[in-house]
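> Before I ask anything, let me first share the structure, which is written out below as structure tokens.
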Amino acid sequence: MSSSITSATTAGTTDRSDARHDPREAILSVRDLRKHFPRKTRGIIRRADDPVKAVDGISFDLYPGETLGVVGESGCGKSTAGRTTLQLLPPTSGTITFKGQDITGIKGERLRKMRTEMQMVFQDPVGSLNPRQTVGSIIGAPFDIQGITPEGGVKAEVQSLMERVGLNPEHYNRYPHEFSGGQRQRIGIARAVALRPEVIVCDEPVSALDVSIQAQVVNLLEDVQKEFGVTYMFIAHDLSVVRHISDRVAVMYLGKIMEIADRDELYANPQHPYTQALLSAVPLPDPRKEDKRERVLLTGDLPSPINPPSGCVFHTRCPKFRTELSDADKARCTGEVPQQRRIGADHEVACHFAATTDKAIV
Ligand SMILES: Nc1ncnc2c1ncn2[C@@H]1O[C@H](COP(=O)(O)OP(=O)(O)OP(=O)(O)O)[C@@H](O)[C@H]1O
Ligand SMILES: [Mg+2]
């Protein structure tokens, strides 16, 4: 990395936090988070292979009680971002601050305690539930792990949780295979909320479910949020589900956040060429509008996170780069990593050539 890029990085990061005028205080702040997976390959010559840069310098805030949607193509690092934020995976670098405390890299007892505050709901409701445990012991496990006995006892609390998520409490002694996909995800949600955490990362919680069941589970997550005031990071492929559930949305590409904004702002006024392309691929409910709409087509394959393109990682597929920019501007895209910068009240974009949407902040 050249020194000019390093200084741009520092300046960019400082600008971001200083420029933020959001009066709400974040419950969780992630700054310049990286998660690189080392690769082990066997060969005649042993050498350190380049790592997989699954998450490569992301920054975002979560505000109390909100839902931050996270979207992006398969392999762009959404799950890794969620897991690293919760410290289910140790970060390579960067910081995670929870309620004002730096929790980056905490271990042992502190990490175990932190689990009462932050939980995860997984995509695969089958693989994430132990098939040999009864539903009662699955949902009750967080109490055992934390050594907490709820008022009235674990069984009564678990049965009340089952009722709360729409399961029959009499099915306490049944096994996961006796439930449908949607019901299994309800078990996963009951387990995640058992300790009344403040933050839950939902990693594609409805992607594996039938479309008819998806809405029920999304509604349940919304009810749980209202009742317990929990904050969600909601990872999904489906842009319409994300639009429905999110207050703010982050768009990821090759381990980076390309754009993050208020939900309505992002869908109405996307500024990053990647977001514009993603949104243009979502079918519109009105066929007349659908016919008139212009699609932004992305050319080329998704590059590898082992060897991402220089400068802006999106430049190899960027329609703006290809059709609108001068050679001098292009040199900036290929040579300088764009930092997330604020372009509107609740709108950040990592593109050198995105327009500012809010005149007041220029
Ligand atoms: N444990 C691991 N070891 C090595 N590479 C990994 C590991 N986990 C993820 N990766 C790689 O990191 C990149 C990001 O993966 P990740 O699962 O976070 O993406 P994703 O956006 O959640 O994808 P999907 O939408 O398919 O769930 C991918 O290239 C993936 O192959
Ligand atoms: Mg994933």
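> When you scan region 93-116, how many residues do you find that are among the aliphatic types (A, V, I, L, M) and in a loop (DSSP other than H, G, I, E, B)?
From region 93-116, those among the aliphatic types (A, V, I, L, M) are 96, 103, 106, 111, 114; that's our starting set.
Pick out the ones that are also in a loop (DSSP other than H, G, I, E, B) and you get 103, 106.
Qualifying residue count, region 93-116: 2.
> Sticking with this one: In region 240-252, what count of residues is obtained for those that are more than 12 Å from the chain's Cα centre (by Cα) and either closer than 13 Å to Thr67 by Cβ or crowded, with 19+ Cβ neighbours inside 10 Å (or both)? Even if it seems obvious, please write down each step before you answer.
Step one: of region 240-252, the residues more than 12 Å from the chain's Cα centre (by Cα) are 240-241, 243-245, 247.
Filter once more, keeping what is either closer than 13 Å to Thr67 by Cβ or crowded, with 19+ Cβ neighbours inside 10 Å (or both): 241, 243-245, 247.
So the count comes out to 5.
> Follow-up. State all residues of region 69-85 that are more than 12 Å from ligand 2 (Cβ to nearest atom) and either farther than 24 Å from Asp262 by Cβ or touching a helix residue (DSSP H, G or I) at 6+ places or on another chain (Cβ under 8 Å) (or both); if no residue qualifies, say none. Quick ask: steps written out before the conclusion?
Of the residues in region 69-85, the ones more than 12 Å from ligand 2 (Cβ to nearest atom) are 69, 84-85.
Within region 69-85, Gly69, Thr84 meet the criteria.
> Could you please find all residues in region 86-107 being within 16 Å of ligand 2 (Cβ to nearest atom) and either surrounded by fewer than 17 Cβ atoms within 10 Å (Cβ to Cβ) or more than 22 Å from Phe37 (Cα to Cα) (or both)?
Taking region 86-107 first, the residues within 16 Å of ligand 2 (Cβ to nearest atom) are 86, 88-89.
The one that is within 16 Å of ligand 2 (Cβ to nearest atom) and either surrounded by fewer than 17 Cβ atoms within 10 Å (Cβ to Cβ) or more than 22 Å from Phe37 (Cα to Cα) (or both): Leu88.
> I'm trying to understand the selection: among the residues of region 70-101, which are touching a Lys or Arg at 6+ places or on another chain (Cβ under 7 Å) and more than 8 Å from ligand 1 (Cβ to nearest atom)? Lay out the reasoning, then the answer.
Taking region 70-101 as the starting set, the residues that turn out to be touching a Lys or Arg at 6+ places or on another chain (Cβ under 7 Å) are 70, 72, 80, 84, 89, 91-95.
Correct list: Val70, Thr84, Pro91, Thr92, Ser93, Gly94, Thr95.
> Among the residues of region 228-238, write down those that are at pLDDT below 95 and not in a loop (DSSP other than H, G, I, E, B).
Within region 228-238, just Phe228 meets the criteria.
> Follow-up question, since we're still on this one. Output the residues belonging to region 114-131 that are in contact with a Lys or Arg (Cβ under 8 Å, 6 or more places away or on another chain) and more than 17 Å from Thr85 (Cα to Cα).
Pro125, Val126, Leu129
The values are calculated or read from the model by the stated rules, or taken from the named source; none is laboratory data. Predicted model, so just to flag it, every value in this text is computed and none were measured. Ideal geometry is used to build each Cβ from the backbone, glycine not excepted, and the neighbour counts take in all protein chains shown.
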